[in-house]
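Chemist: The structure that follows is given in the form of structure tokens.
Since every read-out is calculated from the coordinates, none of them should be taken as a lab result. Predicted model, so just to flag it, every value in this text is computed and none were measured. So basically every Cβ, Gly included, is an ideal-geometry build from the backbone, and we count neighbours across all protein chains shown.
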Amino acid sequence: MNEPISQDIDAGLRAPRYGLLIGKTTCHYCRAEMPTAAVWVASFAEFEEGDVIGKGEGALLRYIEHLDATAAAFVLGHAPWMRLAFTRTSGQTYYAHHCTTCGALQGDHYVFSPDGPYWPQDDVALARLRLIDGMGALAAIASPAESGWMRRVVDVCTRE
């Protein structure tokens, strides 16, 4: 498991609240249906050298290179198919999906594509995602991806 991110990190992302959006997709290798999980944050601030360089509301974290210890335990406890792996497409190591049938890596490029579960076109598609509330705040090294639907997660998604 990862070491916790210290309070004085130079770069990273912090969110006061997070959750997991659980969905489904098809493995691009064996074509089996497999579960997916996306880390959702209600709001966030990005830091570089101790300074806030950006803020946002409603985002999914992509290319997650590091999670604080509590968030990592939560995510991996609910989504054990996500593990640190290097992907050639991104050229980086991050928490990537792995097929629960064949074990093939499913990079963020595939999971978050327009035909994937995290590209809902309406509230009916959004309601297919299940939200599992996280355990307080989160610190991570990741890329936030924002869209208007992400601010409606709490109101539309099924809650666990």
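Chemist: Taking amide H positions as placed in the peptide plane 1.01 Å from N, state which residues far from T36 in sequence (5 or more) or on other chains have amide H under 5 Å from it.
Modeler: G23, K24, T25
Chemist: Between S113 and A69, what is 0.36 nm times their sequence separation minus the Cα-Cα distance? Round to one decimal in nm. Numbers along the way, then the final one.
Modeler: Numbers: separation 44, 0.36 × 44 = 15.84 nm, distance 2.82 nm.
Contour length minus Cα-Cα distance gives 13.0 nm.
Chemist: Tally Lys and Arg at +1 and Asp and Glu at -1 over the other residues with C-beta under 12 Å from the C-beta of A140: what net charge comes out?
Modeler: Working: positive: R14, R62; negative: E46, E65, D68.
Its environment carries a net charge of -1.
Chemist: Under a GNM of the chain (C-alpha, springs under 10 Å), which listed residue has the highest mean-square fluctuation: T87, T101, T70?
Modeler: Result for the chain, Cα springs under 10 Å: T101 fluctuates most.
Chemist: Quick one: check the C-alpha center-to-center distance for region 37-57 versus region 63-116, whole angstrom.
Modeler: 19 Å
Chemist: Residue by residue, what Karplus-based ³J(HN,Hα) values in Hz, rounded to whole numbers, does region 143-160 have, using 6.51, -1.76 and 1.60 with θ = phi - 60° and x for Gly and Pro?
Modeler: Working through the residues one at a time gives 9, x, 10, 9, 7, x, 5, 5, 7, 9, 3, 4, 7, 10, 5, 5, 9, 10 Hz.
Chemist: For S43, enumerate residues with amide H under 5 Å from its amide H, sequence gap 5+ or separate chain, H modeled in the peptide plane.
Modeler: Long-range HN contacts for S43: R17, G58.
Chemist: Rounding to the nearest 20 debye, state how big the charge dipole of the chain is about its Cα centre with +1 on each Lys and Arg Cβ and -1 on each Asp and Glu Cβ.
Modeler: On the way: 13 positive and 19 negative charges, 138 e Å.
Here the size comes out at about 660 debye.
Chemist: What Cys residues in the chain are without a partner cysteine, judged by a Cβ distance under 4.7 Å?
Modeler: Singleton cysteines: C157.
Chemist: OK, next. What spacing in nm lies between the two simple spin-label points modelled at A145 and T101, each 7 Å away from Cα in the Cβ direction?
Modeler: 2.3 nm
Chemist: Turning to a different aspect of this structure: Projected onto the charge dipole of region 11-159 (+1 at Lys/Arg Cβ, -1 at Asp/Glu Cβ, origin at the Cα centre), which of I22, G91, M150 gives the Cα projection farthest towards the positive end?
Modeler: Most positive-ward Cα: I22.
Chemist: Same structure again: Of R130, R31, R14, which has the largest mean-square fluctuation in a 10 Å C-alpha GNM of the chain?
Modeler: Of R130, R31, R14, the Gaussian network model singles out R31 as fluctuating most.
Chemist: Once phi is turned into θ = phi - 60°, what whole-Hz ³J(HN,Hα) does the Karplus curve with 6.51, -1.76 and 1.60 give for every residue of region 49-63, x standing for Gly and Pro?
Modeler: 6, x, 9, 6, 10, x, 9, x, 10, x, 9, 9, 8, 10, 6
Chemist: Quick one: length gained pulling M135 to K24 fully straight, 0.36 nm per residue minus the C-alpha distance? Write out the running numbers ahead of the final one.
Modeler: Numbers: separation 111, 0.36 × 111 = 39.96 nm, distance 2.30 nm.
Length difference between fully extended and current span is 37.7 nm.
Chemist: Based on DSSP H runs of at least 4 residues, each adding -39500 (n - 2.57), what is the mean residue ellipticity at 222 nm of the chain after dividing by all its residues, to the nearest 500 deg cm²/dmol?
Modeler: Helix-only estimate at 222 nm: -3000 deg cm²/dmol.
Chemist: Report the net charge of residues surrounding L61, where surrounding means a beta-carbon distance below 12 angstrom and charges are Lys +1, Arg +1, Asp -1, Glu -1. Numbers along the way, then the final one.
Modeler: On the way: positive: R14, R62; negative: E46, E65, D108, E146.
Here the charged neighbours net out to -2.
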